[in-house]
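**Student:** Starting off with a structure, shown below.
The values are calculated or read from the model by the stated rules, or taken from the named source; none is laboratory data. As the structure is a prediction and not an experimental result, all values here were calculated from the model. Note that each Cβ is placed from the backbone with ideal geometry, even for glycine, and that neighbours are counted across all protein chains shown.
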Amino acid sequence: MTTYNWDLIEKLLHEVQNGAGHSFTPRPYAEEFVAQHAGVGREKPNLDHVKTLANEYEGLLLDRGFIEPRPQDQGGNGENYILTPRGSSLLSLLDSSIPGNDHPRQVLDEQADALEPTVFDDLAAKAQIA
């Protein structure tokens, strides 16, 4: 069973969503993530581990069709991305600004690999997950 750091993935997807004209740089996003978690009284995650995870997640999200290179007419610079419809669905399930986001994360955690495209697409199509 594959487990993911959904908070970190949410952070990365938000950075993709807001990244027109900026290079996608997962290592600094990992640093921001660690600082945010330390600032709210949580145990501070290991920075090197989070940086490694962020880099791995970038490749995973790209390879599995959650993000894709941003077209130039949308602010693409060859080093940034846009959310695909699959990525938008994932972000909407993870979005911590929406009350009750724990249930979708729990359902995702119960899968052998929730980010495997066919598994995710099947889950995202079910209205009761959200």
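**Student:** Given the conditions (1) touching a His at 6+ places or on another chain (Cβ under 7 Å); (2) surrounded by fewer than 17 Cβ atoms within 10 Å (Cβ to Cβ), report the number of the one that Asn77 does not fulfil.
**Tutor:** Result: Asn77 fails condition (1) only.
**Student:** Quick one: is Tyr57 of a type in the set (Phe, Trp, Tyr) and surrounded by fewer than 20 Cβ atoms within 10 Å (Cβ to Cβ)? Before the answer, list the steps.
**Tutor:** Values: of a type in the set (Phe, Trp, Tyr): yes; surrounded by fewer than 20 Cβ atoms within 10 Å (Cβ to Cβ): no.
No, not satisfied.
**Student:** Taking the conditions exactly as written (modelled with pLDDT under 90 and polar (S, T, N, Q)), does Gln111 satisfy them or not?
**Tutor:** Working: modelled with pLDDT under 90: no; polar (S, T, N, Q): yes.
The answer is no for Gln111.
Yes/no matrix, rows are residues, columns are (1) surrounded by 12 or more Cβ atoms within 10 Å (Cβ to Cβ); (2) among the polar types (S, T, N, Q); (3) within 20 Å of Leu123 (Cα to Cα):
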| site | (1), (2), (3) |
| --- | --- |
| Gln17 | yes, yes, no |
| Pro26 | yes, no, no |
| Ala30 | yes, no, no |
| Arg42 | no, no, no |
| Thr52 | yes, yes, no |
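**Student:** Ok, one more. On the given criteria, is Leu47 modelled with pLDDT of 90 or more, out of contact with any Cys (no Cβ under 8 Å at 6 or more places or on another chain) and within 13 Å of His14 (Cβ to Cβ)?
**Tutor:** no
**Student:** Moving on to the next point. I'd like to know if the stretch 86-102 contains one or more residues that are buried (at least 16 other Cβ atoms within 10 Å of the Cβ) and part of a loop (DSSP other than H, G, I, E, B).
**Tutor:** yes
**Student:** Please enumerate the residues belonging to the stretch 6-54 that are in contact (Cβ under 8 Å) with a residue 40 or more places away in the chain and touching a Lys or Arg at 6+ places or on another chain (Cβ under 6 Å). Even if it seems obvious, please write down each step before you answer.
**Tutor:** At the first step, the residues of the stretch 6-54 found to be in contact (Cβ under 8 Å) with a residue 40 or more places away in the chain are 6-10, 12-14, 16-17, 19-24, 50, 53-54.
Matches in the stretch 6-54: Trp6 only.
**Student:** Which one of these does Asn101 not meet: (1) at pLDDT 90 or above; (2) under 21 Å from Ala124 (Cβ atoms)?
**Tutor:** Every listed condition holds for Asn101 apart from (1).
**Student:** Further question: Which of the residues that make up the stretch 34-75 are within 17 Å of the chain's Cα centre (by Cα) and among the charged types (D, E, K, R)?
**Tutor:** Within the stretch 34-75, Lys51, Glu56, Glu58, Asp63, Arg64, Glu68, Arg70 qualify.
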